[in-house]
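The values are calculated or read from the model by the stated rules, or taken from the named source; none is laboratory data. Here the structure is a predicted model, which means the values were calculated and not measured. Neighbour counts are summed over all protein chains in view; Cβ atoms, including those assigned to glycine, are modelled from backbone coordinates with ideal geometry.
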Amino acid sequence: MPGEFLAGVHLDATGFARLRDAAHARGFAILVDSGKCVLAAEPETEIAQLDEETVILGTLFPHDPSSPASLAKWQSNSPSDPGTGHCLIEKFWGSFLAFLFDGGRVHILRSPFGTLPCLYTWCGAGIVLASQPGLLRTFDGSGLSIDYAAVVRHLIERDMRHHSTCLAEIEELQGGEQLSVTPHHVSQRSLWTPRHYATHPTQIPDIEDEAAHLRDCVMQCVAQRTAGMHRPLLMLSGGLDSSIVAACLAQLGRDFLCFNAVTRDRAGNELDQAASVARHFGAGLVTEPFSADGMSFEKLAGLPLARPVARTLEQHAYRLACATASRLGCDAILDGGGGDNVFCSLRSPAFAADCLLEEGAWKDFWPVCKTIAALARVPVWTVAWRAWLRAYGRGRSYDWPCERHLLSRHAASVADGSPDHPWLREAHRLLPGRSAHVALLVAVQGYAEDGPHGFRRDAQSPLVSQPLIENCLKISSRYWFARQNNRAMARRAFARVLPSHIAWRRGKGAPDSFVVQLVQDNAVAILAFLRSGLLAQANVLDVPAISAILSAPWTATGADCSRIMRFVDTESWARAITAQ
């Protein structure tokens, strides 16, 4: 999916000249060359609009496919209107970056949950923007530098993203935000926020009608995201989310194949469930053993990205899928990624608290308590009491989980304080359960907007789509729980088209044992890798504690192994950055 770009806004003559030279050296096509902006992109980059007032890189889909709004109709609103960018993301969605020109001002808008990254750095009075960190430095020949304080915060806050990246002097325009640049000023504002959709939940007169509406929305998002694919390969785990994508592809009549990576350990082996889904929809299923044979654990995550977001386990799985897709002539890879977040896969008493606070919802309090108790395996009275405290005590806001395990005392103190994100600040005004759902979307925002990288470059996660997320936010939180399951509205929506044992199954295997085995088999090499690494030199890691675990790896817990692999991935990233 070509989409690399390089742009400069309000640079001086020397800066623009350097940017043009860098673009030509990369073989980029110059799309805009004016006194205020130079924009270049890969020749094959999809361009939705190109004229004197607007350039839109990437893909656009109309929000209402039955009555598609044309770009010409949208353009009738002058870019000088401050609501223009807002109007664009109200009428369209997708994965795009829009450059809107208005006299001396240039507005850059990134679509919500779009996968085309937009990084930027300052250059004199102007800014340079690009889709990857290396491009930002090509125009002036400078190198990339790691911000270790930001790395520590990233390790503590995990899936939360900020405007600042883990690279010095490089920031990111996040999805749904607009950057406005003049010769003397740069401002940034948010045009899309989940609170707008979560504040007033939809009143559901008939839950089956609402489930049907949700199913139609999922179907439409999958249809639009896969319209140009001839034969995608679906990574089918056998869980609910990837099975829903399979159901949509089958209903749409798409020619697709399924792929399942088979683990040796039965706890993570989902082959039987994946095979039943593939048979149900008449799709072929290809399997590959998911083992560490021939895997270079210290290199797979070593990608020069703005943050250490690549994962060895993920890259290994997608490498197997890419090889299978190439061998079988598949032109894209799909997965059910982000479905847990979009469909509200939680088991928190906060959702029972919503029943006490939302008008007309008190009758659902005990059924929701019982479901959450079954999911969490705790007494129902415990859930009810905690729900009451969340509703009427001081605990209505969402506390983002932090992890300081195995970080040095110095590193933990550098990132001291509570995580902060604009969506969570706004979520304090919402009901507790809906606030927790927004927190899930903070996490999935990073999953989508980190962009396709490494072996995930040709992969798409169609469940992470703006219209579907907006639809799910409007659903009252209590409807996500039924029959001792979460994600209940999604299950209800596809219950008639999925195998019954898949639609309402509880739990799913995970390849945790693979991570444990990987760490145990490579304990000596991993310890040497981390001890001599950049993170240790920067005093990020608690090296003695890590050494104690890896000296007796057979006693390590799954949590310890996962944490250590996160450090390995981050170290791989740091070495890739310094090698640039």
>> Of everything in the range 218-277, what is over 21 Å from Q466 (Cβ atoms), surrounded by 18 or more Cβ atoms within 10 Å (Cβ to Cβ) and either hydroxyl-bearing (S, T, Y) or without any contact (Cβ under 8 Å) to a residue 24 or more places away in the chain (or both)? Give them in sequence order.
In response: S237, S243, T263
> Right, H200: closer than 30 Å to E359 by Cβ, over 20 Å from the mean Cα position of the chain (by Cα) and assigned to a helix (DSSP H, G or I) or not?
Replying inline: no
> What is the number of the single condition among (1) outside any loop (DSSP other than H, G, I, E, B); (2) out of contact with any strand residue (DSSP E or B) (no Cβ under 9 Å at 6 or more places or on another chain) that V286 does not meet?
Replying inline: (2)
>> Show the residue pairs meeting these rules: Cβ distance below 8 Å; 6+ apart or different chains; first residue within the range 2-17 and part of a strand (DSSP E or B); second residue basic (K, R).
In response: L6/R26; V9/K36
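Conditions (1) assigned to a loop (DSSP other than H, G, I, E, B); (2) basic (K, R); (3) buried (at least 17 other Cβ atoms within 10 Å of the Cβ), marked per residue:
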| position | (1), (2), (3) |
| --- | --- |
| A536 | no, no, yes |
| N539 | yes, no, no |
| A545 | no, no, no |
| I549 | no, no, yes |
| A559 | no, no, no |
| R566 | no, yes, yes |
> Hey, among R390, R347, which residue is free of Cβ contacts under 8 Å to residues at least 60 places away in the same chain and either surrounded by 14 or more Cβ atoms within 10 Å (Cβ to Cβ) or not assigned by TED's automatic domain parsing to the domain that holds L463 (or both)?
Replying inline: R390
> Which strands (runs of 3 or more DSSP E) sit wholly inside the range 85-184 and have at least 1 residues that are under 21 Å from R26 (Cα atoms) and either under 20 Å from the mean Cα position of the chain (by Cα) or not assigned by TED's automatic domain parsing to the domain that holds A306 (or both)?
Replying inline: 92-102, 119-123, 126-130
> Considering only helices (runs of 4 or more DSSP H) fully contained in the range 389-475, which possess at least 2 residues that are within 12 Å of the chain's Cα centre (by Cα)?
Replying inline: 432-449
>> I'd like to verify a number: residues in the range 238-265 that are polar (S, T, N, Q), within 16 Å of R505 (Cβ to Cβ) and out of contact with any strand residue (DSSP E or B) (no Cβ under 7 Å at 6 or more places or on another chain), how many?
In response: 1
>> Checking the conditions here, which among S164, S187, S180 is among the polar types (S, T, N, Q), in contact with a strand residue (DSSP E or B) (Cβ under 7 Å, 6 or more places away or on another chain), over 15 Å from P112 (Cα atoms) and touching a residue at least 24 places away in the same chain (Cβ under 8 Å)?
In response: S180
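With V186, V181 as the choices, which residue is under 20 Å from V9 (Cβ atoms) and surrounded by fewer than 20 Cβ atoms within 10 Å (Cβ to Cβ)?
After applying the criteria, what remains is V186.
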>> Would you confirm whether or not the range 328-343 contains a residue that is crowded, with 16+ Cβ neighbours inside 10 Å, touching a His at 6+ places or on another chain (Cβ under 7 Å) and over 19 Å from F259 (Cα atoms)?
In response: no
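Quick check on this structure: which one of L473, L463, L498, L430 is within 28 Å of S95 (Cβ to Cβ) and in contact with a Gly (Cβ under 6 Å, 6 or more places away or on another chain)?
None of the others qualify; the one that does is L463.
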> Are any residues in the range 532-559 at pLDDT 95 or above and closer than 25 Å to D512 by Cβ, and if so, which ones?
Replying inline: G533, L535, V540, L541, D542, V543, A545, I546, S547, A548, I549, L550
> Only one of these conditions is not met by L305: (1) crowded, with 20+ Cβ neighbours inside 10 Å; (2) within 19 Å of L249 (Cα to Cα); (3) among the aliphatic types (A, V, I, L, M). Which number is it?
Replying inline: (2)
